[in-house]
Amino acid sequence: MPLPKIDLPTYDFTIPSNGKVIKVRPFTVKEEKLLLLAIESKIASDIISTVKQVINNCIQDEEVDVEKLPFFDIDYLFIFLRAKSVGETITVNMICNNVLEDGELCNHAFETQADVSNVELLKNDDVSNDIKLGPASGVKMRYPNYGIMRKLEELPDIDKKTHIIVSSIDFVYDKSGMHSYKDYTVDELKEFVEGLTEVNYKKLEEYVDKFPTIVGKIEADCPKCGFHHDVRYTEFYDFFI
Ligand SMILES: [Zn+2]
């Protein structure tokens, strides 16, 4: 007789981009190991496929499609699941950067406990996804999914911005109608973006510069000089290791 399966707990999770409440379960020990191995490998394609696979396993609602969710939904869910699976508190090494009266840095090294679930999704409500480029023409933008965004983060800075813009185009429209990105190659879309005037390019750039971001917060007092540290961070995957 096989051993009984112990039910995993489920939690309600609100998808940040659409407000939908879904059921999720925490990572299992095996999934935890797979994630750790992938993140330690620093190979983007491994991290992407493992994170997508594990997140997919954890989502209990069948109609949710990981491929269709914006990248920040996955990041946010990853942080949520990690906190539920491994624990909300982690130990962080800090170095005090307070400038003392003699002009020297305190430099005291100390450990503090950080709550990884203490994060905020910062959204810019003044950003429209409908960007006018001329009297009857423009671009409808969308958020790239997790896989696309993680891969683009690896690109050198000079190429990155244009590629993120290209990956954020949903439709290009003019008097002749709506043209879906699905009907064009990446090169064609890139040519379109690079053929814009500086002014119009900047409008698209503003959209991607104002993507929602997740910000975590660590607060700690230096035990030596008492200086209060209030640190904001955006690199969440590092905490996994
Ligand atoms: Zn100090």
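The values are calculated or read from the model by the stated rules, or taken from the named source; none is laboratory data. Quick caveat, the model's predicted, so the values are computed rather than measured. Every residue, glycine among them, receives a Cβ derived from its backbone with ideal geometry; neighbour counts consider all protein chains shown. To get the accessible areas, we keep the full protein, side chains included, count just its heavy atoms, and leave off ligands, DNA and RNA. Shrake-Rupley method; radii C 1.70, N 1.55, O 1.52, S 1.80 Å.
Some observations on this one:
- Checking T112, T91 one by one, the residue that is under 20 Å from F227 (Cα atoms), more than 16 Å from the ligand (Cβ to nearest atom) and among the hydroxyl-bearing types (S, T, Y) is T91 and no other.
- Residues that are buried (at least 16 other Cβ atoms within 10 Å of the Cβ), at pLDDT below 90 and in a loop (DSSP other than H, G, I, E, B), drawn from the stretch 71-116: V116
- Residue within the stretch 163-180 that is open to solvent by less than 50 Å² (accessible area, probe 1.4 Å), without any contact (Cβ under 8 Å) to a residue 12 or more places away in the chain and not polar (S, T, N, Q) present: yes
- Residue check, V54 of a type in the set (A, V, I, L, M), under 20 Å from E88 (Cβ atoms) and without any contact (Cβ under 8 Å) to a residue 40 or more places away in the chain: yes
- Qualifying residue in the stretch 132-145 (condition: free of Cβ contacts under 8 Å to residues at least 12 places away in the same chain and out of contact with any strand residue (DSSP E or B) (no Cβ under 7 Å at 6 or more places or on another chain)): yes
- The set of residues in the stretch 74-107 being of a type outside the set (V, I, T) and closer than 27 Å to P9 by Cβ consists of D75, Y76, L77, F78, F80, L81, R82, A83, K84, S85, G87, E88.
- Residues (more than 16 Å from the ligand (Cβ to nearest atom), free of Cβ contacts under 8 Å to residues at least 40 places away in the same chain and either crowded, with 17+ Cβ neighbours inside 10 Å or of a type in the set (D, E) (or both)) located in the stretch 193-231: V193, E194, E198, Y201, D209
- Any chance Y237 is among the hydroxyl-bearing types (S, T, Y), surrounded by 14 or more Cβ atoms within 10 Å (Cβ to Cβ), more than 16 Å from the ligand (Cβ to nearest atom) and modelled with pLDDT of 90 or more: no
- Selection of first residues in the stretch 67-88 that are among the charged types (D, E, K, R) and of second residues that are open to solvent by less than 40 Å² (accessible area, probe 1.4 Å) and not in a loop (DSSP other than H, G, I, E, B), restricted to Cβ pairs under 6 Å at least 6 apart or on distinct chains, gives the following pairs, ordered by first then second residue: E67/N145; D75/I214.
- Test for G216: is it among the small types (G, A, S) and within 26 Å of F72 (Cα to Cα): yes
- For the stretch 23-61, taking the residues that are among the basic types (K, R) and open to solvent by 70 Å² or more (accessible area, probe 1.4 Å), the one that is farthest from the chain's Cα centre (by Cα) is identified as K30.
- Failed condition for V127, given (1) over 27 Å from L36 (Cα atoms); (2) within 16 Å of the ligand (Cβ to nearest atom); (3) out of contact with any Cys (no Cβ under 9 Å at 6 or more places or on another chain); (4) in contact (Cβ under 8 Å) with a residue 60 or more places away in the chain: (2)
- Boolean, Q53 is outside any loop (DSSP other than H, G, I, E, B) and either in contact with an Asp or Glu (Cβ under 7 Å, 6 or more places away or on another chain) or under 26 Å from F211 (Cα atoms) (or both): yes
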